[in-house]
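Take a look at the structure set out below.
The values are calculated or read from the model by the stated rules, or taken from the named source; none is laboratory data. Keep in mind that this is a model prediction, so the values were computed, not measured. Positions of Cβ are generated from backbone atoms using ideal geometry, with glycine treated the same way; all protein chains shown enter the neighbour counts.
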Amino acid sequence: MSLTLADARIVTPGGIHEGWLTIEDGRITHVGHGSAPGPGLSVGGRHVVPGFVDIHNHGGAGGSFPAGELDRARDAVALHRRHGTTTTMASLVTDTPDNLVRAASALAELCDEGLLAGIHFEGPYISRARCGAHDPALLREPSPHEFAELVKAGRGHVRMITIAPELPGALDTIRLAVSEGVIAAVGHSDAGYDQTITGIEAGASVATHLYNAMPPLGHRAPGPIAALLDDERVTIELINDGVHVHPAMLRLAYEVAGPGRTALITDAMSATGLGDGDYVLGSMAVRVDGGVARLVEGGSIAGSTLTMDVAFRRSVREVGMSLPDAVQVASLTPARVLGLADRIGSIAVGKAADLVVLSDALEVTGVMKDGVWVTEPR
């Protein structure tokens with residue numbers, strides 16, 4: 001089967017052009033300028049961008065990835081796909097060793113099916129002082145033995161682990177993770193500048209939701225934010241929901257790191273796509289009020305109810321990114337983090353036909369995954 005999308009404004013990291021593209025067997029086979037050479041499906045001059053790639057996502061539509069319930073996890077993936085996220089990595093939260101093994105084993109099935117791009121352990125090796133919505137009673141020092149068991153449970157699908165580099169044993173665990181092909185991320189950390197640099201030197205290459213759950217920038221004690229922003233080896237995650245980070249600080253991070261080192265994430269939890277009410281994230285009770293998720297006890301922000309299309313729009317309107325840069329931070333840069341940039345993340349011949357059709361207002365009007373419409377253009 002062959003399908004040509006015509007009358008499109010195709011957005012790539014290199015720019016925007018009016019043109020067309022052809023899809024065969026789930027892949028992009030031609031990308032052209034101007035009018036399509038033959039009959040095709042007109043998208044009416046709308047923008048066509050690559051599917052969004054979310055490397056930090058806890059669930060949605062009532063489904064929680066940490067719970068490891070497959071049907072509900074499928075619901076979460078489906079919700080985010082309708083909002084343009086065609087590639088999702090499932091993020092877990094701090095829990096008991098048995099529960100983490102059980103959840104990873106279950107989610108590995110969805111990775112085998114191609115519904116998930118991998119598994120991310122956000123914890124349990126994080127700082128008690130910066131644990132946010134993680135259960136402090138379940139935090140522990142990094143354990144190479146436990147980490148090896150988690151990797152084994154994931155059956156080759158564990159892609160990332162968030163670690164506080166100041167903890168005893170953290171540097172050895174970072175080195176072990178990297179040797180196993182697992183991305184080490186700095187986050188939920190009370191580390192200082194020098195400790196963070198040491199973690200990066202050990203192999204950490206991602207900043208888990210920069211600014212959140214770490215000491216703030218200081219002019220005498222710059223802390224982890226300055227170290228993570230300044231190092232060209234580090235990709236920074238940003239949550240652009242209008243709650244987690246002020247637009248001015250998002251703009252600062254983006255201007256320092258650039259689109260090649262910035263990855264939008266949702267940090268979405270199970271309430272995403274649903275209304276206000278009471279929910280659970282891992283073992284923690286969460287209340288959503290006005291779309292903002294917070295712990296019932298203590299009031300810490302507990303993930304988000306964000307979808308990537310909203311983060312994308314906000315990046316253009318509130319942060320001032322160009323459309324090509326917004327495409328890069330929502331698609332190509334996170335694809336590079338996962339080592340998948342040769343297959344997804346941009347519109348190019350040979351890549352998967354993971355596409356999002358956007359109106360002039362940057363609202364999702366159609367989503368395609370592997371050449372099959374999730375929602376047909378309207």
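Can His80 be described as assigned to a strand (DSSP E or B) and at pLDDT 95 or above?
Details: assigned to a strand (DSSP E or B): no; at pLDDT 95 or above: yes.
So His80 does not fit the description; no.
Restricting the search to the stretch 328-360, which residues are of a type in the set (Gly, Ala, Ser) and touching a residue at least 40 places away in the same chain (Cβ under 8 Å)? Full working, then the answer.
Here is the first cut: in the stretch 328-360, the ones of a type in the set (Gly, Ala, Ser) are 330-331, 335, 339, 341, 345-346, 348, 350, 352-353, 359.
Once the filter is applied, which keeps residues that are of a type in the set (Gly, Ala, Ser) and touching a residue at least 40 places away in the same chain (Cβ under 8 Å), the stretch 328-360 yields Ala330, Ser331, Ala335, Gly345, Ser346, Ala348, Gly350, Ala352, Ala353, Ser359.
Considering only residues that are touching a residue at least 12 places away in the same chain (Cβ under 8 Å) and either out of contact with any helix residue (DSSP H, G or I) (no Cβ under 7 Å at 6 or more places or on another chain) or in a helix (DSSP H, G or I) (or both), which ones fall in the stretch 200-220? Lay out the reasoning, then the answer.
First pass over the stretch 200-220, keeping only residues touching a residue at least 12 places away in the same chain (Cβ under 8 Å): 200, 202-215.
Hits for the stretch 200-220 are Ile200, Ala202, Ser205, Thr208, His209, Asn212.
Can you name every residue in the stretch 154-190 that is in a strand (DSSP E or B) and either under 17 Å from Asn212 (Cβ atoms) or touching a Cys at 6+ places or on another chain (Cβ under 7 Å) (or both)?
Taking the stretch 154-190 and keeping what is in a strand (DSSP E or B), we get 158-163, 183-186.
Selection gives Met160, Thr162, Ile163, Ala185, Val186.
Look through the stretch 1-33, keep the residues that are in a loop (DSSP other than H, G, I, E, B) and modelled with pLDDT of 95 or more, and return whichever of them is nearest to the chain's Cα centre (by Cα).
If we take residues in the stretch 1-33 being in a loop (DSSP other than H, G, I, E, B) and modelled with pLDDT of 95 or more, then Gly26 is nearest to the chain's Cα centre (by Cα).
Looking at Ala148 and the list (1) closer than 25 Å to Ala202 by Cα; (2) in contact with a Gly (Cβ under 9 Å, 6 or more places away or on another chain), which single condition is not satisfied?
Condition not satisfied by Ala148: (2).
If I filter the stretch 133-144 down to residues being surrounded by fewer than 24 Cβ atoms within 10 Å (Cβ to Cβ) and out of contact with any helix residue (DSSP H, G or I) (no Cβ under 6 Å at 6 or more places or on another chain), which single residue comes out as farthest from Gly345 (Cα to Cα)?
So the first thing to find is which residues in the stretch 133-144 are surrounded by fewer than 24 Cβ atoms within 10 Å (Cβ to Cβ), and the list is 135-144.
If we keep only those that are out of contact with any helix residue (DSSP H, G or I) (no Cβ under 6 Å at 6 or more places or on another chain) as well, we get 135, 137-138, 140-141, 143.
Numbers: Asp135: 34, Ala137: 39, Leu138: 36, Arg140: 36, Glu141: 35, Ser143: 34 Å.
Ranking the qualifying residues of the stretch 133-144, first place goes to Ala137.
State all residues of the stretch 16-43 that are in contact (Cβ under 8 Å) with a residue 40 or more places away in the chain and within 20 Å of Ser359 (Cβ to Cβ); if no residue qualifies, say none.
So in the stretch 16-43, the residues in contact (Cβ under 8 Å) with a residue 40 or more places away in the chain come out as 16, 21, 23-31, 41, 43.
Answer for the stretch 16-43, where residues must be in contact (Cβ under 8 Å) with a residue 40 or more places away in the chain and within 20 Å of Ser359 (Cβ to Cβ): Ile16, Leu21, Leu41, Val43.
Return yes or no: is Ala204 surrounded by 21 or more Cβ atoms within 10 Å (Cβ to Cβ), more than 22 Å from Pro334 (Cβ to Cβ) and of a type outside the set (S, T, N, Q)?
Numbers: surrounded by 21 or more Cβ atoms within 10 Å (Cβ to Cβ): yes; more than 22 Å from Pro334 (Cβ to Cβ): no; of a type outside the set (S, T, N, Q): yes.
Considered against the rule, which asks whether it is surrounded by 21 or more Cβ atoms within 10 Å (Cβ to Cβ), more than 22 Å from Pro334 (Cβ to Cβ) and of a type outside the set (S, T, N, Q), Ala204 comes out as no.
Could you tell me which residue of the stretch 168-190 is surrounded by the fewest Cβ atoms within 10 Å (Cβ to Cβ), considering only residues that are out of contact with any Leu (no Cβ under 9 Å at 6 or more places or on another chain) and farther than 20 Å from Ala104 by Cβ?
Pro168
Report yes if some residue within the stretch 142-149 is acidic (Asp, Glu) and outside any helix (DSSP H, G or I); otherwise report no. So that I can check it myself, show each step before the final result.
Just the residues of the stretch 142-149 that are acidic (Asp, Glu), to begin with: 146, 149.
Checking the rest, the ones that are also outside any helix (DSSP H, G or I) come to none.
The answer is no; no qualifying residue exists.
For the stretch 226-253, which residues satisfy the criterion of being more than 18 Å from the chain's Cα centre (by Cα) and surrounded by 23 or more Cβ atoms within 10 Å (Cβ to Cβ)?
Once the filter is applied, which keeps residues that are more than 18 Å from the chain's Cα centre (by Cα) and surrounded by 23 or more Cβ atoms within 10 Å (Cβ to Cβ), the stretch 226-253 yields only Ala227.
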